[in-house]
Each structure stands twice: as structure tokens, then as C-alpha cells.
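The values are calculated or read from the model by the stated rules, or taken from the named source; none is laboratory data. Just so we're clear, the structure is a prediction, and the values are computed from it rather than from any experiment. Here the Cβ positions follow ideal geometry from the backbone for every residue, glycine too, while neighbour counts run over all protein chains shown.
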Amino acid sequence: MTRDAARARDILNAIEDIRDTVQGLSRANLSIRDVRVKAILYSFIVIGEAARALSPAFKDQLPDIPWPAIIALRNHIVHEYDKVALETIWDIITLHLDPLENALRRQVPDGMQEDDAPEFLWDLPEQVRP
């Protein structure tokens, strides 16, 4: 599996995690103190980090995807966690995840499973490797 395919798979897995976690939630009952919302935000961090790691050539194949905005959302959640607008997060979930998922599914080879991923998806510094 190529590095881009692994990153795309990370994004697709995070989208699936968001969809699983959002079950039973609505825009009206989102709360930053809810552990499910924290799990959703973590999945958006994964999406943003994986998007950042995609090669420019891969991103150029999907010009309709707002890559800078996806990465910026990750940075906002990580660095300005106290200012995250949950209404915006809900809108992203309900309006923007489907187009991202559909575009990536067209790019990721059919039949590629999570098990096909390399043992280390990131080039970790020696001191943090298990």
C-alpha cells in the first residue's frame, strides 16, 4: 500500500468512526463535555493530520476537496480547543463528510483493507518507537 493510500484509508476509517459515534446525537444535544463529542473531535484531528500527510500529487487529483480547510480544522481543534463551534462540527458531519468519503473511495484501490496497512504508518523518531 502506498503512503497516500494509507493516509486515505486513515481518513476513511476516521469518517466511519464519526458516523458510528454520532448515532443518537443531534445538533441540539451536542456538548463538549460528552465523551462522544470528544471522540468525534479526535477523528477530525486524524482526518486533518492524514490530509496534511497526503502528497500534493494525490491532493491535485481531488481539486474539489478543500484540503487547506480540512487541515485548518485540525489545527483549530488542537490549538483552539476552547473555541470549537459544535454547530460547525455538526454541519461538517452532515454536509461535508459524504463528498470527502466518496472522492477518497474513488481514489483508494478496491479491496484494500485496514490490515493491508504497514505496521508503522508514520516515520516515528527512534525514541518513540515501541
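Apart from one condition, Asn75 fits all of (1) without any contact (Cβ under 8 Å) to a residue 24 or more places away in the chain; (2) under 14 Å from the mean Cα position of the chain (by Cα); (3) surrounded by 12 or more Cβ atoms within 10 Å (Cβ to Cβ); (4) farther than 21 Å from Arg3 by Cβ; the exception is (1). Filtered by the rule that a residue be farther than 16 Å from Gly48 by Cβ and in a loop (DSSP other than H, G, I, E, B), segment 64-84 gives a lone residue, Asp64. Residues that are within 15 Å of Ile11 (Cα to Cα) and touching an Asp or Glu at 6+ places or on another chain (Cβ under 8 Å): does segment 79-95 have at least one? No, segment 79-95 has no match at all. Taking segment 1-21 as the range and being in contact with a helix residue (DSSP H, G or I) (Cβ under 6 Å, 6 or more places away or on another chain), assigned to a helix (DSSP H, G or I) and touching a residue at least 24 places away in the same chain (Cβ under 8 Å) as the test, the residues that pass are Asp4, Arg7, Ala8, Asp10, Ile11, Leu12, Ala14, Ile15, Asp17, Ile18. Of the candidates Ser43, Ser31, Ser26, the single residue that is closer than 15 Å to Trp90 by Cα and buried (at least 18 other Cβ atoms within 10 Å of the Cβ) is Ser43. Summed over segment 30-54, residues that are of a type in the set (S, T, N, Q) and modelled with pLDDT of 95 or more total 1.
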